[in-house]
Amino acid sequence: MFWDEEIEGLSCDEMTHIQGEKLRKQVKHAYERIEFYRKRFDAIGVNPGEIKTVEDISSLPFTTKSDLRNNYPYGFCAVPHSDIIRVHASSGTTGKPTPVFHTKKDLENWINCMARNCYIAGIRQDDVCQIAFRYALFTGAFGHHLGAERIGATVIPMSSGQTERQLMMMQDFKTTVLHCTPSYAITIAEKMIDMGIDKRSLSLRLGIHGAEPMTEELRGEIEEGLGILSIGDYGLTELGGPGVSIECPEQAGYHINEDYFFPEIVDPETLKPLPDGEIGELVFTTLQKEALALIRYRTRDITHLERGRCACGRTLIRHKPIKGRTDDMLIIGGVNFFPSQLESVLLGFEEVEPHYVIRLTKKGRLDHVSVDIETTPAFWSKSSQDARAGLTRKMEMRAKDLLGFRIEISVVEPSSIPRSEGKAKRVIDNR
Ligand code: ADP
Ligand code: ZN
């Protein structure tokens, strides 16, 4: 039933014991091999020998994305360069890319994490997996590719884009599992309608969707549009990419590979650890990395943890869906909110499609939020000006109830908003 019988059903005490042992070694490795950590530990007077159990982790310093940037490219590399067999990097939309390095053992561990994840999601040997993440420096495609291949499934390395071709491959090779971002899944579902492809004529049964947030409402659209079960997959380049956590078919939180990545939730302001169940910033310490050991890495992703056996039988700790990133959080009129909260409101209306942009502007000294969202082709072709105005009014009221401030919503013509083949860019900040 499990990919890793030994690990996936461990009791909390057994897991904590294993984590403690691995943490001790990892901290020593980081201290001895990475100058950044040696200096940080010394500055706050922490001796790596004092770290004996996972409880001791709270005395260790945090690591941030800017620490990685300031030590670009090799500052965090803990092995001789000749031991590195693979480099990947984040998209680097806000500066230099953030690289990740793998030794032979790191790559093997990544494959194991990804195989475990694919298996938890429900992939088996007789599946045909179409990888529609972009094959590039970006980690997503390679991770999914390696994991599905290790299970013994058939892998089709399509990359993203060329949506008509994607659909042709799905038809001809009877693809059963689609791996892509949630927004690309929506783009594919829409193309199926354009091309007159009935979802029941495909063999697709499962979608593995990651690299960006997926609200329950968006998941509903994907499941309906493609006729599949949609599973959320989470990771970040700094930790190696996908392979950090994944949902099982219960869709009851993301099981974390906690024998590889030790999770904490901290208050993003005070950095104090928070108890299970409280919402805060997700922080990870790698437990088995050779090349890129990271201590208390701040992901900026907001969620909470849940312990206990899942209905699937696994005890691997779960985090809830990511609400957003601290750096995506919008503060309007003193109210904090995440674009995903607004998405939930918008997609609650059946007259609209999951294609929208949020625009932030200044009106005088105040911030102003406006949204353009497409309606369904059926609503657009049938509705009067009054009906469209009535719809936007209802949406604006619901948004105000939830968020507490006014948002200006306009419905726009179907297909007028650019489609995404990777991570969607949904917020345009013109302030
Ligand atoms: P970047 O976007 O900074 O270039 P990555 O490509 O490594 O970096 O993206 C990692 C980030 O993507 C995560 O920190 C998280 O914010 C987001 N992400 C990845 N998977 C998910 C998911 N399943 N749900 C929500 N957010 C996700
Ligand atoms: Zn489960």
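The values are calculated or read from the model by the stated rules, or taken from the named source; none is laboratory data. Treat the numbers as computed from the prediction; the structure is a model and nothing was measured. So basically every Cβ, Gly included, is an ideal-geometry build from the backbone, and we count neighbours across all protein chains shown. Keep in mind that these areas ignore ligands, DNA and RNA; they rest on the heavy atoms of the full protein, side chains included. Shrake-Rupley method; radii C 1.70, N 1.55, O 1.52, S 1.80 Å.
Based on Cα contacts under 8 Å between residues 6+ apart, the chain shows a relative contact order of 14 percent.
What does the C-alpha gyration tensor say about the overall shape of the range 142-247? Classify as rounded when a/c is under 1.5, otherwise prolate if a/b is larger than b/c, or oblate.
Values: a/c = 1.87, a/b = 1.33, b/c = 1.41.
Oblate, because a/c is 1.5 or more while a/b does not exceed b/c.
For a paramagnetic label modelled on residue 410 (point 7 Å from Cα along Cα→Cβ), amide N atoms under 16 Å away belong, within the range 334-377, to 356-363, 368-375. For the chain, the 222 nm mean residue ellipticity estimated from helices alone, with every DSSP H stretch of n ≥ 4 adding -39500 (n - 2.57) and the total spread over all residues, rounds to -10000 deg cm²/dmol.
Relative to the first principal axis of the alpha-carbon coordinates of the chain, what is the inclination of helix 182-195, with its axis defined by its Cα atoms, in degrees from 0 to 90 and to the nearest 10? With both axes taken from Cα atoms, the answer is about 40 degrees. Axis of helix 104-121 versus longest Cα principal axis of the chain: the two differ by about 40°, to the nearest ten degrees.
About the Cα centre of the chain, what is the dipole size in debye to 20, counting +1 per Lys and Arg Cβ and -1 per Asp and Glu Cβ, all else neutral?
On the way: 54 positive and 62 negative charges, 228 e Å.
With Lys and Arg at +1 and Asp and Glu at -1, about 1100 debye.
Given charges of +1 on the Cβ of Lys and Arg and -1 on the Cβ of Asp and Glu, with all other atoms neutral, how large is the dipole of the range 81-327 about its Cα centre, in debye to the nearest 20?
On the way: 27 positive and 33 negative charges, 103 e Å.
Roughly 500 debye for the range 81-327.
Determine the share of the range 81-327's accessible area contributed by carbon and sulfur atoms, expressed in whole percent, with a 1.4 angstrom probe. Walk me through the numbers on the way to the answer.
Values: 4390 of 8820 Å².
That share works out to 50 percent.
Using the Cβ-Cβ distance between residue 14 and residue 400 with R0 set to 60 Å, the FRET efficiency works out to roughly 0.75.
Carbon and sulfur: what percent of the range 348-411's accessible surface (1.4 Å probe)?
On the way: 1760 of 3540 Å².
Taking all protein chains in place, the range 348-411 shows 50 percent carbon and sulfur surface.
Peptides 132-145, 324-337 ranked from most to least packed, by the mean per-residue count of other Cβ atoms within 10 Å: 132-145, 324-337.
Against the chain, whose longest principal axis comes from its Cα atoms, helix 163-172 is set at around 80 degrees. What shape does the range 338-429 take by its C-alpha gyration tensor, where a ≥ b ≥ c are the square roots of the eigenvalues and a/c under 1.5 counts as rounded, a/b above b/c as prolate, and the rest as oblate? Cα axes put the range 338-429 in the oblate bin. The alpha-carbon atoms of the range 29-126 define a convex hull whose volume equals 159 cubic angstrom per residue.
Note down, for the chain, the three equivalent ellipsoid semi-axes (square root of 5 times each alpha carbon gyration tensor eigenvalue), biggest first, whole angstrom. List each step's numbers first, then the result.
Working: eigenvalues 279, 147, 75 Å².
Equivalent ellipsoid semi-axes, largest first: 37, 27, 19 Å.
Farthest toward the positive end of the dipole of the chain, out of 154, 248, 37, is the Cα of 37, where the dipole comes from beta carbon charges about the Cα centre. Heavy-atom accessible area for residue 254, with the other protein chains in place and a 1.4 Å probe, reaches approximately 20 Å². Each Lys and Arg Cβ is given +1 and each Asp and Glu Cβ -1; about its Cα centre, the range 338-429 then shows a dipole of about 360 debye.
Solvent-accessible surface of the chain, taken per residue with a 1.4 Å probe and all protein chains present: 44 Å².
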